[in-house]
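The values are calculated or read from the model by the stated rules, or taken from the named source; none is laboratory data. Everything quoted here is computed from the prediction, not taken from an experiment. No Cβ is skipped: glycine too gets one built from the backbone with ideal geometry, and neighbour counts run over all protein chains shown. Surface areas here come from the heavy atoms of the whole protein model, side chains and all, with no ligands, DNA or RNA. Shrake-Rupley method; radii C 1.70, N 1.55, O 1.52, S 1.80 Å.
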Amino acid sequence: MAVGLLKRFRTEFGPNWHSLAGSSTRAVPYNRRVSLIALFPLDVVLLPGAPMPLHVFEPRYKEMIGELLETKQPFGIVRAQQDSVAEIGCSAEISEVTKKYEDGRLDIITEGQQRFKITGLDQERTFLRGEVDFFDDDEEQPAPKPEAEKLVKLHGELLAVAGAEATGIELDDPQLSFHLAGSVPLDLDFKQNLLGMRSEPQRVAAMVEYYTMLVPRLKRTIKVKEKSRGNGHAM
């Protein structure tokens, strides 16, 4: 669903459509559960529970994914930065191999699992590995119902702009924010910030604020486009 929506939004608003709304950063604490895992740096932000298709073509990552398929171990997807990677990432499990190419390339479907903070990087293998501390929310509690309802309403309005419809949403879902944000192509800075928050009420409040800015601007943008297509004059 997220891939199709990304294409729709890019068609209507261009590749940087999500910059119509801003994002912020907030510091968060962590639980300490250290592991050494393989890392896959990409210009994406994976959220818990969200699917992510990947095309694996570089030799080092073909090696990495090949090992993970044998051991059935998760790996970490982290947002690539200029000289390094983001501090916060999300572990991923390979749910399906959709295609194997003769030259060893792979098309796979992964799913976000658990968040982590990178405490150290290991470059002894051909692919990057990281020492990570896995963490969860401080308390597993849903957002207040009025806030959750407001978010779901705004989310529905956002999907409607792309000609889609929201389905299967549960207001008492303790990770409602991740499930909604993972289904649409939101700004990566905002998603990265969301990934680090350790409170569902805090995440829902942040999404309501973000959507409140984004949705009206998208509606105005598409209204202008429709008038332009009809040779009208935008007001």
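Some notes on this structure:
- Test for Lys99: is it among the basic types (Lys, Arg), buried (at least 18 other Cβ atoms within 10 Å of the Cβ) and assigned to a strand (DSSP E or B): no
- Counted residues, segment 196-211 - those being touching a helix residue (DSSP H, G or I) at 6+ places or on another chain (Cβ under 8 Å) and either free of Cβ contacts under 8 Å to residues at least 24 places away in the same chain or assigned to a helix (DSSP H, G or I) (or both): 10
- Single match in Gly76, Gly130, Gly104 (criterion: in contact (Cβ under 8 Å) with a residue 60 or more places away in the chain and open to solvent by less than 50 Å² (accessible area, probe 1.4 Å)): Gly130
- Candidates Leu151, Leu171, Leu180, Leu158, filtered to the one that is outside any loop (DSSP other than H, G, I, E, B), farther than 30 Å from Pro59 by Cβ, open to solvent by less than 80 Å² (accessible area, probe 1.4 Å) and free of Cβ contacts under 8 Å to residues at least 40 places away in the same chain: Leu180
- There is at least one residue in segment 117-127 that is in contact (Cβ under 8 Å) with a residue 40 or more places away in the chain, within 17 Å of Val44 (Cα to Cα), of a type outside the set (Gly, Ala, Ser) and in a strand (DSSP E or B).
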